[in-house]
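Any read-out appearing in this document is the output of simple, stated calculations on the displayed coordinates, not a laboratory observation. No experiment lies behind these values; they were computed from the predicted model shown. For neighbour counting, all protein chains shown are included, and Cβ atoms are generated from backbone atoms with ideal geometry for every residue, glycine included.
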Amino acid sequence: MKHEVLRMIRETDSYISGQEISEKLGVSRTAVWKVIEVLRAEGYDIEAVQNRGYHLVCYPELMTGTEIMSRVKTSWAGTKVYYRKETASTNEDAKDLADDGATHGSLVVTEYQSGGKGRRGRVWTAEKGSTVAMSLILKPDFSPSKASRLTLLMALAVAEVIHHITDLDVKIKWPNDIIVNGKKVCGILTEMSAEPDYINYVIIGVGINVNNTEFPDEIKETATSLLNEKGDRVGRTDLIVGIMDFFEYYYNVYEENQDIADFVDLYESYLVNKDKEVRVLDPKGEYKGIAQGINDNGELIVQKEDGSFVRVDSGEVSVRGVLGYV
Ligand code: BTN
C-alpha cells in the first residue's frame, strides 16, 4: 500500500487529506500516517498541513519498488516490482521468481549486480547506483519460436525512451544493442524456459549505462553512458517507467498480430546497420553484405556480395560493422 499512498500524493497537485487516502484505500488514518512516516524516512519530503492534508514537496532520485510502482502508468508491465539493493544477477532472480509463480509483467530491479550476465556467456559489469539493471518476467501464451521478437521490441522501447528523455541520437545495432555516438549504452539479454510447444517464462534483462563514468579497460572503447554523451544526469526511474509503458504497448500489439509488421518502420528508423556494410559472423562461415533492414519476423535482411539475399536470425549469428563494432 506504500506505493499507492505515494501515487495518490504524487498525483495531487495541491494537498490530499489523510481522510481521502484512508477512504480510497480502505485503511485507517493512522495507517496512512505511519506510511507517510516511512516514506519520509526514505527521503520523500512530504509536507503535512492541518485541515488540508499531505503534499509532496520533492523526492529523491530513488529506483526502489515503491518509487517505480507509484509511477508506472501500465496495466501489467512493472506493476509488481521486486527491488534488490544488491544481487548477483536480476535475470537469475527473475527466473527463480518466475518458477515460484511471479506474475506476467513482474520486474526485478537492482542497484548493483555482482554477477551480471551478458550475451554469449560474457559478464556485464556496472558501477553501483548509477545504472539500470532490471529483468522483466513474461509469461506469454504464444509459441516458443515467437519469443525472440520480444528482444527487438524491448530494444525499440529502450531506444524510444532514451530518445524522448535525452534527445540523444540513439541507434539500435541489430538485434538489440543500443548505441549512442557509436558506443553501446544498453545491452539486452533474453532467456527463456520452455517446452517444445509451450513457454514457461521469458526473462528480458536490460542493462543501461545511465550516470556511470568509469568503464573497465576491456570495454572502454566501445561503451558509454547517457551522462557521458549528454553531459547531464538522467533519472533512472524515468527511464524504467517509460520503458514499461512503451514495451507494454508493443507487446500487446505483438500478441494480437503475432508479427512485428507494425513496428518495422520505427525499428528501421533507429537501425544503425541500415544500408551499411556488415560482417555476419555465422558459425557456418563469415560473410559480408549490405544490411537492407528487417522483415516482419525481425530477421535482418542482408544482400551478399554475390547479389543474393539472406535472412539473418538473431539467435545464430552476430553482426558487426566492417570497420569495427558498429
Ligand atoms: C549484453 O551482453 O549486451 C547483454 C547485457 C544484459 C545485462 C542485463 S543487466 C540486467 C540483467 N541481469 C543480468 O544478469 N543481465 C541483464
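Here are the numbers:
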quantity	calculated
Stretchable slack from Tyr198 to Ser269, in nm (0.36 nm times residue separation minus alpha-carbon distance)	22.3 nm
Net lengthening on full extension, Thr12/Asp259 (0.36 nm per residue, minus Cα-Cα)	84.9 nm
Within a Gaussian network of the chain (alpha carbon springs, distance under 10 Å), most fluctuating of Gln303, Gln113, Gln50	Gln50
For region 39-91 versus region 186-212, the gap between their alpha-carbon centres in whole angstrom	24 Å
Global geometry of region 1-98, whether rounded, prolate or oblate, following the gyration tensor of its Cα atoms and the 1.5 cut on a/c	prolate
P(r), alpha carbons of region 137-206 - 10 Å bins starting at zero, rounded %	21, 45, 24, 10, 1
Long-range amide H partners of Ser17 with built H, under 5 Å	Tyr54
Region 176-322 - percent relative contact order, Cα under 8 Å, separation 6 or more	13 percent
Pairs of Cα atoms farther than 22 Å apart, region 63-150, %	29 percent
Net length gained if the chain between Ser308 and Ala31 were fully extended (0.36 nm per residue, minus Cα distance)	92.9 nm
Proximal aspartates and glutamates to Lys274, defined as alpha-carbon separation beneath 13 angstrom and excluding residues fewer than eight positions away on the same chain	Asp265, Glu299
Least to most buried among Lys146, Lys85, Lys24 (fewest other Cβ within 10 Å first)	Lys85, Lys24, Lys146
Cut-off under 5 Å, modelled amide H: who pairs with Val81 long-range	Leu107
Relative contact order [Cα under 8 Å, 6+ residues apart], the chain, whole percent	13 percent
Cα pair distances exceeding 25 angstrom across the chain, given as percent	54 percent
Dipole magnitude of the chain, debye to nearest 20 (Cβ charges: Lys/Arg +1, Asp/Glu -1, about Cα centre)	580 debye
Total lysine pairs under 12 Å (Cα atoms) in region 146-216, excluding pairs fewer than 8 apart on one chain	4
Spatially proximal aspartates and glutamates relative to Lys85 (Cα-Cα < 20 Å; intrachain offsets below 8 disregarded)	Glu42, Glu61, Glu67, Asp93, Asp96, Glu111, Glu127, Asp238
Mean Cα-pair separation over length for region 1-78, i.e. relative contact order, pairs under 8 Å, 6 or more apart, %	35 percent
Cross-link partners of Lys139 among lysines (Cα-Cα below 18 Å; sequence separation of 8 or more within a chain)	Lys80, Lys95
Cα gyration tensor shape for region 81-126, rounded if a/c is under 1.5, else prolate or oblate	oblate
C-alpha center-to-center spacing [region 153-170, region 95-143] in angstrom	20 Å
